[in-house]
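The values are calculated or read from the model by the stated rules, or taken from the named source; none is laboratory data. Source: prediction; values computed, not measured. Cβ: placed from backbone, ideal geometry, glycine included. Neighbour counts: every protein chain shown.
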C-alpha cells in the first residue's frame with residue numbers, strides 16, 4: 001500500500017520538482033499540492049495524508065504556523081524541506097519545535113548526478129516517518145518521588161534520532177546556566193543541517209552550544225554536537241576526538257561510538273538515550289553500564305519513536321526510564337557537586353528499574 005503524501009510549497013518551480021521526486025519515489029503517492037500554509041492545513045484535514053512535506057517559508061501562514069495548526073487539528077507526520085542557508089535552516093528547526101518530525105534538504109533537479117540517490121533516500125525517509133503514530137500529549141500524572149543516590153559526574157552524553165531536536169531543545173532549555181559539566185550529543189541529522197541545529201539549540205538554552213571540533217577540551221557548560229558525517233568520541237581527559245571512520249549500524253555519527261568512548265569514564269558519566277528509530281547507541285550503553293556508568297532512557301509515552309530507548313531497556317542497559325520533561329532535572333541533579341565531591345541524595349520522579357549505588 002502506497003504512502004499518501006501531501007506537498008506544500010508556494011513556489012511553482014519547487015512544487016514541480018518535489019512532485020517529481022515524490023512520484024518517482026517507490027511506494028509513494030502524491031495526493032495533493034498546496035500552494036500555501038492555509039491550503040496545507042485544509043488539505044491535511046480533508047485528504048488525511050500519511051505524511052506532509054512542507055516548505056518552511058511561505059506567504060501568509062508559513063510552514064511553522066501551518067505545522068503547528070496541523071498538529072493541533074489532525075496530527076500527522078510533517079517533514080520540512082529547506083535550503084541550506086542559515087535563515088532557512090533556523091526556520092526549519094523552529095518548525096521542528098512546532099511539531100515537525102524531520103528536516104530534509106531540497107533535492108537537486110532531475111538530471112543532476114545525485115538526483116536518483118536523493119530520490120531513493122527521500123522516499124525511504126517518507127516511508128519511515130509515515131509509520132510514526134503521533135499521540136496528543138497526556139497530562140502528567142503525579143508520581144511518588146523516591147530518594148535515589150546519584151554520583152556527581154564529569155560528563156553527560158546524549159544520543160537521539162527522530163524527534164530528537166525538539167526533545168533536546170526542551171532538555172537543554174530547562175538546564176541551569178551554571179551547569180558544572182559538559183554535554184556531548186550525537187543527533188542523527190541530514191548532512192548540512194548540523195550547524196543549523198547547533199545554532200538553533202544555542203537559542204533554546206543558557207548553555208553554550210556548538211559543533212564539536214577535533215582536539216578541543218570540553219568545558220563545564222559546553223554543549224558539543226557531533227558534526228554530520230563524522231563520529232565523536234570523548235577521552236577521560238575530556239578531550240574530544242572527531243573521527244571519520246565507517247558508519248556504524250548505518251550511522252555516522254553514531255551514538256554507539258560516542259557511548260563506547262564514554263564507558264571509560266565509569267561512574268563519572270551519565271548517558272541518556274532519547275527518541276529515535278532503530279538501535280543506535282545500544283551496544284555502547286551496554287558497555288557504559290558494564291563499567292559502572294548510569295544510563296537514563298526517555299520513556300515510551302514521551303517519545304516520538306520509542307525504538308532506541310526501548311531496545312536499550314531490553315538489552316538491560318538502562319537504570320531509569322523518565323518522561324522527557326523530567327530528564328533535565330535528573331541531569332542537573334547528577335551534575336551538582338557538594339564541596340566534598342561525594343554523591344548526594346536527590347528526588348527523582350518516574351519509574352525506577354535498578355539504579356546502582358556506586
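In the list 282, 304, 262, which residue meets the criterion of being outside the structural domain of residue 121 (by TED's automatic domain parsing), within 19 Å of residue 188 (Cα to Cα), crowded, with 24+ Cβ neighbours inside 10 Å and modelled with pLDDT under 95? Unique residue meeting the criteria: 304. Checked against the criterion of being part of a helix (DSSP H, G or I), modelled with pLDDT under 85 and under 19 Å from residue 197 (Cα atoms), segment 67-76 has no qualifying residue. Scanning segment 63-72 for any residue that is in the same structural domain as residue 99 (by TED's automatic domain parsing) and within 19 Å of residue 110 (Cβ to Cβ) turns up nothing. Of all residues in segment 6-50, those satisfying the criterion of being part of a helix (DSSP H, G or I) and in contact with a helix residue (DSSP H, G or I) (Cβ under 7 Å, 6 or more places away or on another chain) are 21, 24, 37, 40, 41, 44, 45. Residues that are in contact with a strand residue (DSSP E or B) (Cβ under 7 Å, 6 or more places away or on another chain) and closer than 26 Å to residue 315 by Cα within segment 236-266 comprise 245, 252, 253, 254, 255, 256, 257, 258, 259, 261, 262, 265, listed in sequence order. Among residues that are buried (at least 23 other Cβ atoms within 10 Å of the Cβ), modelled with pLDDT of 95 or more, part of a helix (DSSP H, G or I) and under 19 Å from the mean Cα position of the chain (by Cα), residue 171 is included.
The condition (being more than 19 Å from residue 318 (Cα to Cα) and in a strand (DSSP E or B)) is satisfied by just one residue among 209, 186, 156: 209. Test residue 227 against the criterion of being out of contact with any helix residue (DSSP H, G or I) (no Cβ under 6 Å at 6 or more places or on another chain), surrounded by fewer than 21 Cβ atoms within 10 Å (Cβ to Cβ) and not in a strand (DSSP E or B), and give yes or no. No. Just give me the residues in segment 2-20 being more than 11 Å from residue 35 (Cβ to Cβ) and in contact (Cβ under 8 Å) with a residue 24 or more places away in the chain, in sequence order. Hits for segment 2-20 are 2, 3, 4, 5, 6, 17, 18, 20.
One residue stands out in segment 298-321 among those that are part of a strand (DSSP E or B) and in contact with a strand residue (DSSP E or B) (Cβ under 6 Å, 6 or more places away or on another chain): the one that is nearest to residue 97 (Cα to Cα), namely 321.
Condition test on residue 8, is it assigned by TED's automatic domain parsing to the domain that holds residue 121, buried (at least 18 other Cβ atoms within 10 Å of the Cβ) and under 27 Å from the mean Cα position of the chain (by Cα)? Yes, satisfied.
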